[in-house]
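The block underneath contains the structure these notes are about, expressed in structure tokens.
The values are calculated or read from the model by the stated rules, or taken from the named source; none is laboratory data. Fair warning: this is a prediction, and the values are worked out from it, not measured in the lab. Cβ: placed from backbone, ideal geometry, glycine included. Neighbour counts: every protein chain shown.
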Amino acid sequence: MVEKDILKKIVFLKDLPDPILEKINAIAQFETFDEENILFYQNQEQTLLYMLVSGKVFLNSRSVSGKSLTLDEVLPGRTFGVSALLGESSSTFTAVCAETSSIITIPGEQMRQLFEKDFEIGHTLMLKVVEIFRSRMKMHTRQFLHSLATHPEIR
Amino acid sequence: MVKIEDLKRINLLRDFPDHLLKIIASEAQLSIFGTDTQLITANEKADKFFMLIMGQVAIKAELTPGIDVILDNIQSGSSFGTSALIKGSTATYTAICQEPSEVITLSGPRMKQLFKENHELAFHMMFGVAKQYKKKMDIRAQMIMKTLDENPELKEDIKDIENLTLVI
């Protein structure tokens with residue numbers, strides 16, 4: 001269980017009505033992880049959704065040749081580990097605590113069960129996910145096209 | 001009206017329960033479009049959601065006047081035109097049939113109305129669409145990782161890579 005005020009600090013859960021937050025609260029855990037603690041590995045089965053309350057987490061990816069690259073620094077208020085929410089088999093990245101971090105964890109399976117019991121919650125949250133993903137894809141495509149359009153061979 | 005068997009050929013609908021497929025079947029239309037038919041026009045209001053049964057559809061964007069870039073080639077079983085299912089969205093790309101194509105269409109406004117009345121349907125559709133987006137973004141992230149692996153000097157020029165990590 002997590003205090004409701006802490007849940008409200010999470011962007012993904014922001015604006016949700018109290019009764020919904022209470023249901024999410026019932027399946028949430030609050031944990032503190034030390035610096036360098038690895039939360040999950042790339043290509044490993046991922047079962048938990050993570051919501052960062054304080055601290056910092058790096059999302060790293062290892063290429064085929066073995067080079068590791070930090071793709072993102074997750075800051076408080078953000079949610080990661082969406083593979084677990086979507087019932088995907090494995091994670092795309094490795095998540096490692098860059099400093100001591102307080103994190104809300106929610107089992108993806110239980111979150112999906114909650115959605116199946118209350119489709120309105122499921123719809124509200126999945127619509128949020130879709131809108132965020134869509135705007136990211138759009139932005140990414142725009143930047144890709146801009147890079148191509150300004151490429152010397154095309155100009 | 002389309003057959004439920006046809007809907008089951010669509011990846012997005014693969015795990016849908018039959019009672020939801022029946023609703024979709026009664027709302028859907030099956031059409032055959034000729035080569036070069038433009039199904040979606042970039043920057044125009046998106047009001048149809050498409051599911052490809054057979055054929056091939058190119059997803060294009062204009063690079064410069066006179067030059068188009070094909071961003072994706074949609075194959076049988078895939079769907080496109082998600083913007084039609086989201087409130088107030090305009091199309092971000094143009095979709096053109098590359099060959100004669102058998103396509104199931106759903107009306108965006110009608111589906112949005114149904115989503116208000118049937119949260120189970122709404123949840124399953126959004127869940128499927130989110131998975132579809134994630135798959136595409138994972139592919140992009142892998143492509144970028146491969147490119148950076150071969151050309152590490154490019155990292156300094158990439159400013160949006162964190163967008164592909166799907167932090168929300």
Kindly indicate whether A:V74 is at the interface with chain B (Cβ under 8 Å from one of its Cβ atoms), touching a residue at least 12 places away in the same chain (Cβ under 8 Å), closer than 27 Å to B:N151 by Cα and of a type in the set (A, V, I, L, M, F, W, C).
yes
Any chance region A:114-123 includes a residue that's of a type in the set (V, I, T) and assigned to a strand (DSSP E or B)?
no
Quick check on my filter: what residues within region A:78-97 are farther than 16 Å from B:Q132 by Cα and surrounded by fewer than 16 Cβ atoms within 10 Å (Cβ to Cβ)?
none
Filter result (under 15 Å from A:F12 (Cα atoms) and either at the interface with chain B (Cβ under 9 Å from one of its Cβ atoms) or outside any helix (DSSP H, G or I) (or both)) within region A:87-111
A:I103, A:I104, A:T105, A:I106
Considering region A:68-77 alone, what residues qualify as being at pLDDT 85 or above and buried (at least 17 other Cβ atoms within 10 Å of the Cβ)?
A:V74, A:P76
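Please determine, by comparing only the residues of region A:29-67 that are part of a loop (DSSP other than H, G, I, E, B), touching a Pro at 6+ places or on another chain (Cβ under 9 Å) and of a type outside the set (D, E, K, R), which one is surrounded by the most Cβ atoms within 10 Å (Cβ to Cβ).
A:G55
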Return a yes/no flag: does region B:92-101 have any residue that is small (G, A, S), more than 11 Å from chain A (Cβ to nearest Cβ) and closer than 22 Å to A:K138 by Cα.
yes
